[in-house]
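J.: Starting off with a structure, shown below.
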Amino acid sequence: MNYKELKLKESKHLMISAWSLEITFCIIGLAVAISLSMQGMKDFNLSSMLNPVILVGFLPLLAIAFAELTKIPLVKGFLLAKSAVTKVFAGFLLLLVCGMTFETMSTGLEQNITNREHEIKNKRIAVNQIGESIEVLSNKINSIENLSAKEIREDIDKGIQASLATINDDIESLKIREKEIKTNFNSTEVNELIRQLSTLEKSKEQKTDLFEKSLSQINKELLKLNEDEQSQLGKTTFFKGGIIDKFANRRDQIKADKDLLISKYDKTIKSIERKITTINNKIAKLSEPDTRTKKELSLIAKQIQNLIQDKNTIIKNANKSAETSIEIAKQNKLVINQLESQKALLSEDYAAARNELAVSAEDSVIHRMALKVFGVDHAADLTEDQTGLISLIFIFSIASFLALIGPGITFVAMKNLIEEHRSRRPTIRPAIRRVLISLRKRIMKPRIITQIEEVEVEKEVIKEIEVEKKVYEKVEVPTPYEITKFVGVPVPTDPKDLPLMPEINDSGLNRLIQGGKAA
């Protein structure tokens, strides 16, 4: 088998392979068309394909599948066409058909990857859900820890101080006004009563300051007691009931002392206020102001009394709020312990779910490649974007290869069939070869200039010299020529004049020719 026969045979084999691939791609396109048309249907059967709604969506996909068979004729037409317009149009159609092949193959590959990654995706969703639950619990624990009893108590104290400062300023301004009014009615006895009244006011303020300090000390002691209780409960595993009872008894004792302090304070304040009221009544009687002044003083006294009551109410409410906050802080510790237990259980489930996901990912090429590309140690740490990028690279590379393999094989086969038989003398390869040989020579034996010498060179100078010009004349020389001359030769006309055979021999023939009797 010579070269041409082998070339023709292999070209036919390539064409058969190309047609086999294109028919396979057409069948794959039909399968993809059926899959896309039936996607989302609960009950699939062949009779449902005749449904007009499904049929309208199926026919364009069917046409795309059969369009796969036009790639080989388009490649043949592109190679056989001599017109540039025909070649451009055929190339454009071939690109469109290859694009449809790419889309069909990528759709099938994407559906295949989706089916294989479905279980892994569900496990990844479960891992993410558990992780979100753990994060929610952590946020809850942080928010509860931020609302500690100490901080709540400090906020309440700041609010009380702001409210009490405003009330104290109002009371002080009213007292100043009251003194200004009473100044006009001062007498020796009145001045004495005013002095006593001032003493009582100072005593009342001292009692109030002492009460507030004592109350603040008791509240701090309660707060410290709760912190010690939580600390001991956290360090102790057994016999927590005894510790709780011990601290509860101490807390009850402190609360009893607190109630006793409040009761004594209320009695003392009421006693002082009664004395103040009595003195004020005496001053009022001694001063004997007019009706208008009495009404004004009475209004001021009433306002002062109301402000004092508001002040006491604010203090009591603050104390109740502090107790409530302490109880909330105690309950928050228990809630935090419960949340920590739930978080520990979820952490175990989270670790188990991550391990299951890693085991499932070992069977997936996409996840194995993503682990190597992105340098991730655990499959659960891969994101959807990372696996999606690897899937796209996988789909695009395979779909591009499948879209171009058929036209490529056809191009090679047709090029071998229509290739010219005469061998063309190559021009590029010898030129490249000469360049490479020249470079090799220059590299192996470079021209090295060691010394430059100046040498005198004789230069030839051409001068024009006048020479006599030869004159050539044309002379006609006679040339010989032949003249044709016709000579008559007698020819016998009667058969009897013809010589007989025996008479004709060499000698007779010669005589006959010499005598002119034979032609």
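The values are calculated or read from the model by the stated rules, or taken from the named source; none is laboratory data. If you're wondering where the values come from, they're calculated on a predicted model, not measured in any experiment. Counting neighbours? That spans all protein chains shown, and the Cβs are built from the backbone with ideal geometry, glycine included. Surface accessibility is based on the protein's heavy atoms, side chains included, excluding ligands, DNA and RNA. Shrake-Rupley method; radii C 1.70, N 1.55, O 1.52, S 1.80 Å.
J.: What is the extension gain from Ala344 to Asn115, computed as 0.36 nm multiplied by their sequence separation minus the C-alpha to C-alpha distance, in nm to one decimal?
T.: Extra length from Ala344 to Asn115 when fully extended: 79.0 nm.
J.: Over the Cα atoms of the range 192-306, Rg to Rh with Kirkwood Rh, two decimal places?
T.: We get a ratio of 1.29 for the range 192-306.
J.: What distance in nm separates the two pseudo spin-label positions at Ser231 and Ile254, each 7 Å out from Cα along the beta-carbon direction?
T.: Taking the simple label geometry, Ser231 and Ile254 are separated by 1.3 nm.
J.: State the extension gain, in nm to one decimal, for the chain segment bounded by Arg440 and Lys264, taking 0.36 nm per residue of separation less the distance between their alpha-carbons.
T.: Using 0.36 nm per residue and subtracting the Cα-Cα distance, I get 51.7 nm.
J.: How large is the Kirkwood hydrodynamic radius of the range 60-116, counting all unique pairs of alpha carbons, in Å?
T.: When all Cα pairs of the range 60-116 are included, the Kirkwood radius is 12.5 Å.
J.: Another question about this same structure. Which FRET efficiency value, to the nearest 0.05, do you get for Lys285 and Asp245 by plugging their Cβ-Cβ distance into 1/(1 + (r/R0)^6) with R0 = 60 Å?
T.: Result of the calculation: an efficiency of 0.50.
J.: Order Tyr265, Tyr3, Tyr350 by their accessible area, 1.4 angstrom probe, all chains in place, largest first.
T.: Ranked list, largest accessible area first: Tyr3, Tyr350, Tyr265.
J.: Could you look at the range 352-417 and say what percent of its accessible area is carbon and sulfur, using a 1.4 Å probe and all protein chains?
T.: Ligands and nucleic acids excluded, carbon and sulfur give 65 percent.
J.: Oh, and also: Structure shown: which of Lys213/Lys235; Lys204/Lys267; Lys12/Lys76 lie over 22 Å apart, alpha-carbon to alpha-carbon?
T.: Too far apart for the 22 Å limit: Lys213/Lys235.
J.: Per-residue accessible area for His13 at 1.4 Å probe radius, Å² rounded to 10?
T.: 80 Å²
J.: Now a separate question. Suppose R0 equals 35 Å; then what is the FRET efficiency for Glu296 and Leu210 from their Cβ-Cβ distance, rounded to the nearest 0.05?
T.: Efficiency at R0 = 35 Å is approximately 0.60.
J.: I would also like to ask the following. Once you've got the Cα coordinates, tell me which of Lys123/Lys343; Lys158/Lys224; Lys202/Lys255; Lys179/Lys294; Lys220/Lys316; Lys140/Lys224 are over 23 Å apart.
T.: Lys202/Lys255; Lys140/Lys224
J.: State, to one decimal in nm, how far the label point of Thr24 lies from the label point of Lys316, with both points 7 Å from Cα in the Cβ direction.
T.: 9.4 nm
J.: How much length would be gained if the chain were fully extended between Gln303 and Tyr3, taking 0.36 nm per residue of separation minus their Cα-Cα distance, in nm to one decimal?
T.: Full extension from Gln303 to Tyr3 adds 95.5 nm.
J.: Right, here's the next one. Based on the Cβ-Cβ distance of Glu384 and Lys140, what FRET efficiency does E = 1/(1 + (r/R0)^6) give at R0 = 22 Å, to the nearest 0.05?
T.: E between Glu384 and Lys140, to the nearest 0.05, is 0.20.
J.: Let me ask something else. Summing +1 for each Lys or Arg and -1 for each Asp or Glu, what net charge is found among the other residues whose Cβ lies under 11 Å from the Cβ of Ile304?
T.: -2
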